[in-house]
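Here the structure comes first, spelled out in structure tokens, and everything after it is commentary.
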Amino acid sequence: MNETRVTVHGNVVAEPTSRQTRTGGIFTTFRIATTPYRRTADGRFVDGETSFFSVIAFNALAANVGKSLKKGHPVIVTGKLGVREWQGADGQPRVSVEVDAEHIGHDLSWGQASFERVSRAAALGYDRLAEPDVAASLRALADGEATDGDAARSDDTGDAPYGPAAAGMEPEGDDVMRGEGDPGGRPANVDADGVVHDLDETRATRLTGDPETDTYTVVGARSA
């Protein structure tokens, strides 16, 4: 399908009007006037004939136009050109030149403008995260994560008892081998003098005793 795209710059001659379609979409309409000028033979600039264009924008562009443009603003419009004919109330034929806008902005050769970025959903009023209940739930979730993080950090004290000792129970079995419940936090393979022993040797000593230091009785060999 052949389409004619144009870029028109001019002034907004009426306040933009935003409406909703039957399906709930947003569209905004306004008119702009553009007046060309030319230079005469004697060097003077004179205005040519003014042309009027009806501009229509849809969806997020329409919502942003409705909040950004005012009557008298200089703008630049890019879009698809169309010509519509109809019959007026007086029975006379009418012709309207329209631009289905794709891009609209201020013409900064005539002044300054500021820009604020908004999401497409926010522009259309569909920002689900802005719903009061949703926002409250997100805040509660964030507060809960902060509380859990603080609790986790407060438990990580380094020298605090852990395992059976933390529960007020005496360590036994493999817990003794790991040194759990040791008030000083000394590993199982380090003796009171700070000497490091092989962990397997330490485990065997605690299970069977130390023949060099423990008191024991020699038992005769048993008959098979």
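The values are calculated or read from the model by the stated rules, or taken from the named source; none is laboratory data. If you're wondering where the values come from, they're calculated on a predicted model, not measured in any experiment. Neighbour counts are summed over all protein chains in view; Cβ atoms, including those assigned to glycine, are modelled from backbone coordinates with ideal geometry.
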* What pairs can you find where one residue is in segment 40-67 and in contact (Cβ under 8 Å) with a residue 40 or more places away in the chain, the other is assigned to a strand (DSSP E or B) and basic (K, R), and their Cβ atoms are less than 6 Å apart, with a gap of 6+ or different chains? -> F52/R31; S54/R31
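State which residue is surrounded by the most Cβ atoms within 10 Å (Cβ to Cβ) when the search covers only segment 83-102 and only residues that are touching a residue at least 24 places away in the same chain (Cβ under 8 Å) and over 31 Å from the mean Cα position of the chain (by Cα).
Keep residues of segment 83-102 that are touching a residue at least 24 places away in the same chain (Cβ under 8 Å), which gives 96-102.
Of the ones still in play, those that are also over 31 Å from the mean Cα position of the chain (by Cα) are 96-100.
Numbers: S96: 13, V97: 14, E98: 17, V99: 22, D100: 15.
Step by step, filter segment 83-102, then rank; the result is V99.
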* To do: Specify the residue that is surrounded by the fewest Cβ atoms within 10 Å (Cβ to Cβ); the eligible residues are those in segment 42-57 that are of a type in the set (V, I, T) and in contact with a Pro (Cβ under 9 Å, 6 or more places away or on another chain).
  => T50
* Structure fact -> Selection over segment 1-27 where residues are closer than 13 Å to L69 by Cα and either out of contact with any Phe, Trp or Tyr (no Cβ under 8 Å at 6 or more places or on another chain) or small (G, A, S) (or both) yields a count of 4
* From (1) modelled with pLDDT under 95; (2) touching a strand residue (DSSP E or B) at 6+ places or on another chain (Cβ under 9 Å), pick out the condition that doesn't hold for P74. => (1)
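Can you work out which of the residues in segment 103-128 that are in contact (Cβ under 8 Å) with a residue 60 or more places away in the chain and within 26 Å of T23 (Cα to Cα) is surrounded by the fewest Cβ atoms within 10 Å (Cβ to Cβ)? Show your work before the answer.
At the first step, the residues of segment 103-128 found to be in contact (Cβ under 8 Å) with a residue 60 or more places away in the chain are 107, 120, 123-125.
Then keep just the ones that are within 26 Å of T23 (Cα to Cα); that gives 120, 123-125.
Details: R120: 13, A123: 18, L124: 17, G125: 9.
Filtering first and then ranking leaves G125.
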* To do: Examine segment 14-36 for a residue that is in contact (Cβ under 8 Å) with a residue 12 or more places away in the chain, touching a helix residue (DSSP H, G or I) at 6+ places or on another chain (Cβ under 6 Å) and surrounded by fewer than 16 Cβ atoms within 10 Å (Cβ to Cβ), and state whether such a residue exists.
  => yes
